[in-house]
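Okay, structure first, notes after.
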Amino acid sequence: MIPAILVSLRTGRVRDLPRPAWDRHRERTWRTAYRKDEVEGPVHAGALGLEGDEQGNREVHGGPQMAVLAYAASHYPIWRREAGLEAMGPGAFGENFTLEGVDETSVCIGDAWEGDHAAFEVSQPRGPCANIARFWNVPDLLRRVSESGRVGWYLRVTREGAVTRGEALRLVARPQPEWPVARVFRLRKDPAGDPTGVRELSVLAPLSPGWRRHFTELAARLT
């Protein structure tokens, strides 16, 4: 398989950003590390994420199951056309890795990737949140991201080490070829379409514990 190329490597610090007028909230700003800055590297990838990267809400971002957020570079021309946002490019979805050569249809849960020094494992789809719409000041962008399935995915760090922009991430193992990220995300949205698949995901070892619990709850409702 052609390796994924790390065309953009990004980290971000928590900062306050202005809240859009349509985002009705008593606070006029929101605290986030969504905005990531390009770094050449090398950057150390540790069990909890990239050195210099922060999370505004550690309850729903970061940690060993969501150490690194990846997004497909091929999606950005589509978003520029569909959303009319010419500034959309690497980092626009708050990702750490913008990858060329892969997307949600070609990346599977449990995929093991090796870079020059660090190694990673695909843990779960990204569960898109309102921060995407808030950052871009497009009220319906979250809905459009979810409907498109162009959501991105998270990586665990299985071997700590340095990563550098431009390096290749080579696929060295694919234990779950039947579970591409796109299928997993689709079943979370529409579990009734494949009850057997939902039950399988509830016990799929490489899938992050949080997503397994969610599919366990869904399976119970479908029985």
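What the table shows:
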read-out: Filtered residue count, the stretch 159-179, keeping only those that are exposed (fewer than 15 other Cβ atoms within 10 Å of the Cβ) and either among the hydrophobic types (A, V, I, L, M, F, W, C) or in a strand (DSSP E or B) (or both); value: 3
read-out: Residue that is in contact with an Asp or Glu (Cβ under 9 Å, 6 or more places away or on another chain), of a type in the set (D, E) and modelled with pLDDT of 95 or more, where the choices are E167, E114; value: E167
read-out: Index of the failed condition, M66 passing every other in (1) over 26 Å from W211 (Cβ atoms); (2) within 16 Å of the chain's Cα centre (by Cα); value: (1)
read-out: Which listed residue, of G127, G115, G94, is at positive phi and not aliphatic (A, V, I, L, M); value: G94
read-out: Residue satisfying all of: in the stretch 96-126; within 14 Å of I5 (Cβ to Cβ) and in a loop (DSSP other than H, G, I, E, B); most open to solvent (accessible area, probe 1.4 Å) among these; value: D116
read-out: Within the stretch 1-52, strands (runs of 3 or more DSSP E) holding 1 or more residues that are open to solvent by less than 60 Å² (accessible area, probe 1.4 Å), touching a strand residue (DSSP E or B) at 6+ places or on another chain (Cβ under 9 Å) and under 30 Å from E114 (Cα atoms); value: 4-11, 29-32, 43-46
read-out: Test result for E95, modelled with pLDDT of 95 or more and closer than 17 Å to S8 by Cβ; value: yes
read-out: Failed item in (1) open to solvent by less than 10 Å² (accessible area, probe 1.4 Å); (2) of a type in the set (S, T, Y); (3) over 30 Å from P206 (Cβ atoms), with Y71 passing the rest; value: (3)
read-out: Hits in the stretch 131-143 (condition: touching a residue at least 60 places away in the same chain (Cβ under 8 Å) and either assigned to a loop (DSSP other than H, G, I, E, B) or of a type in the set (F, W, Y) (or both)); value: F135, N137, P139
read-out: Boolean, V203 is open to solvent by 70 Å² or more (accessible area, probe 1.4 Å) and in a loop (DSSP other than H, G, I, E, B); value: yes
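The values are calculated or read from the model by the stated rules, or taken from the named source; none is laboratory data. Please read all numbers here as calculations on a predicted model, not as lab measurements. Cβ sites come from the backbone with ideal geometry, for glycine too, and all protein chains shown count toward neighbours. Accessible surface is based on the protein model in full, side chains and every heavy atom, while ligands, DNA and RNA are left aside. Shrake-Rupley method; radii C 1.70, N 1.55, O 1.52, S 1.80 Å.
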